[in-house]
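Structure first, commentary second.
The values are calculated or read from the model by the stated rules, or taken from the named source; none is laboratory data. Values in this document were obtained by computation on a predicted structure and should not be read as measured data. Cβ placement follows ideal geometry from the backbone for every residue including glycine, while neighbour counts extend to all protein chains displayed. For the accessible areas, the whole protein counts, side chains as well, though only heavy atoms, and no ligand, DNA or RNA atoms are used. Shrake-Rupley method; radii C 1.70, N 1.55, O 1.52, S 1.80 Å.
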Amino acid sequence: MSPQIKILLLGDYSNCQHSLATGLRSLGCEVTLVSDGSTWQNCRRDIDISRRPGRLGGLELYLRLSTTLRSRLRGYDIVSINDPNFASLRPRRLRTIFDRLRSDNGSVFLNAMSYDVPFLDMLADPACPLAYSEWFTAGRPTRLFRANEDEWRQWHSKEMTDYHRHVYDRIDGAVSVLYEYHCALQRMLPPDKIAYGGIPVDLRQFAPVDLPEQIGCVRLFLGRDRSRMLVKGSDYLEQAARAVIDRHPGRAELVIVENRPFDEFVTMLRGAHIVLDQIYSYTPATTALMAMAYGLNVVSGGEDDYYDFIGEHDNRPIINAPTDLDALTDTIERIVLDPGAIAQRGRQSRLFVERHNDCTTVARRYLDFWTSRINRT
């Protein structure tokens, strides 16, 4: 396959596909990114498919994708969708667009980076390989589930489940960005149709911060989407941080940032010592990895299952976040009371991202897998 392979990336979350595009271009690929910019995050893209509110907004977007944009969504060797719901449209509309992508291009792959029906079904299964998630812990519904039972039912409507099955039955393969999503793919597809890619980070955008060896007041940073507090456990992170600050006046401070555009958020992130990311994940996601690229410390997902999965046995700098509020408070307290360890842990964090998540390294994993699947057809 020529290195000038043409790739269409459709949809994005938290700049993941944009960073993947950067890595693929560094490998000589021709890449077009089409997305809504991850809505309010306003991530960069080549073609915008933002939707205006209301039913007319949906109709307008569907017509654009079906008519004026159709010529720009065809003729690619590879199409990678970020989600079966790759645009803000109803499943019946998406099915039509997906089928056109299949007919107008070479191969279509899923980039598994978000909720979909198979992933949620795995979480609800008593045999789920994850001991906890935002939806279930030890097989019991969480506070997120109890507060969003209507959303859960909508995910499992016949229209949605039929459409997601339609996509999985017709993709040429799937790549996961997180260990959790990889577990779900293993339940849906044969081993030769799945691969792990990881979350790509463009390290050129993250010059390492020189953390001081001695820190008088530890700066805790919590960046959150106010509509996803229960998903990430952001409310527990705030409560735990404030409890520690109250116990040890002058030893720590908390900065909270909500719903900022991506580029602005990345700049603000740089001023932290400790980034409080999320509590229900086995793995570090985009915010945590960007913070680690800066050489900062993160409280996020850092389970042994994840490290073992990626083959990392020596450098494990992520401060694993407990889901229990008291245990989470104790974890943050230990960090604040041992500021001398922050600089070294930050250096280890940077090395971790350089090894596992540099966008060119991740893009190579994707490209190797995609081309191996193309060569079989």
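To the nearest ten degrees, helix 325-336 and the longest principal axis of the Cα atoms of the chain are 70 degrees apart. Angle of helix 179-188 to the longest C-alpha principal axis of the chain, folded into 0 to 90 degrees and rounded to 10: 30°. When you restrict to C-alpha pairs under 8 Å that are six or more residues apart and normalise by the size of the chain, the relative contact order lands at 17 percent. A simple rule links phi to the HN-Hα coupling: the Karplus curve 6.51 cos²θ - 1.76 cosθ + 1.60 with θ = phi - 60°, which for the range 314-321 gives 10, 9, 10, x, 6, 7, 5, 8 Hz, with x for Gly and Pro.
For ALA252, nonlocal amide neighbours, meaning residues 5 or more places apart or on other chains whose placed amide H falls under 5 Å from its own, are VAL218. Does the range 44-95 classify as rounded, prolate or oblate by the C-alpha gyration tensor (a ≥ b ≥ c root eigenvalues; a/c under 1.5 gives rounded; else a/b over b/c gives prolate, otherwise oblate)? Judged from the Cα gyration tensor, the range 44-95 comes out prolate (a/c at least 1.5, a/b above b/c).
For the range 145-213, the relative contact order is 24 percent, taking Cα pairs closer than 8 Å that sit 6 or more residues apart in sequence and dividing their mean separation by the residue count. I'd like the orientation of helix 91-104 relative to the chain: the angle between its Cα long axis and the longest Cα principal axis, in ° from 0 to 90, rounded to 10. In the chain, helix 91-104 runs at an angle near 70 degrees to the longest axis. Amide H contacts of VAL298: VAL275, ILE319, each under 5 Å away and 5 or more positions distant or on a separate chain (H built 1.01 Å from N in the peptide plane; Pro and chain starts excluded). Each stretch of four or more DSSP H residues adds -39500 (n - 2.57); spread over every residue of the chain, this sum gives -13000 deg cm²/dmol at 222 nm. Under 14 Å Cα to Cα from LYS232, which aspartates and glutamates show up? Leave out anything in the same chain fewer than 8 places away. Within the straight-line cut-off, LYS232 pairs with GLU134, GLU258, ASP277, ASP324.
If packing is taken as the mean number of other Cβ atoms within 10 Å per residue, what is the order of 81-88, 255-262, highest first?
Working: 81-88: 22.9, 255-262: 14.9.
Going from most to least packed, we get 81-88, 255-262.
When you work out D = kT/(6 pi eta Rh) for the range 192-340 at 37 °C and 0.692 mPa s, using the Kirkwood radius from C-alpha pairs as Rh and the Stokes-Einstein form, the result is 207 µm²/s. Annotation for the range 216-293 versus the range 134-171: alpha-carbon center distance of 27 Å.
Quick one: go through the range 116-146 and flag any residue whose amide nitrogen is under 20 Å from the point 7 Å out along the Cα-to-Cβ line of ASP324. Output list for this probe position: 130-144.
Distance between the C-alpha centres of the range 94-124 and the range 12-64: 16 Å, rounded to the whole angstrom. Between amide H atoms placed 1.01 Å from N, distances below 5 Å from TRP135 occur with no residue 5 or more places distant or on a separate chain.
Across the range 194-209, coupling constants 3J(HN,Hα) worked out from phi with the 6.51/-1.76/1.60 Karplus curve, θ = phi - 60°, read 10, 8, 9, x, x, 8, x, 10, 7, 5, 5, 8, 10, 5, x, 7 Hz, and Gly and Pro carry x. Carbon-plus-sulfur accessible fraction, the chain (probe radius 1.4 Å, protein heavy atoms only): 47%. Each residue of the range 224-235 is assigned a 3J(HN,Hα), and the resulting list reads 8, 9, 5, 8, 10, 4, 6, 5, 8, x, 4, 5 Hz, derived from the Karplus form 6.51 cos²θ - 1.76 cosθ + 1.60 (θ = phi - 60°), x at Gly and Pro.
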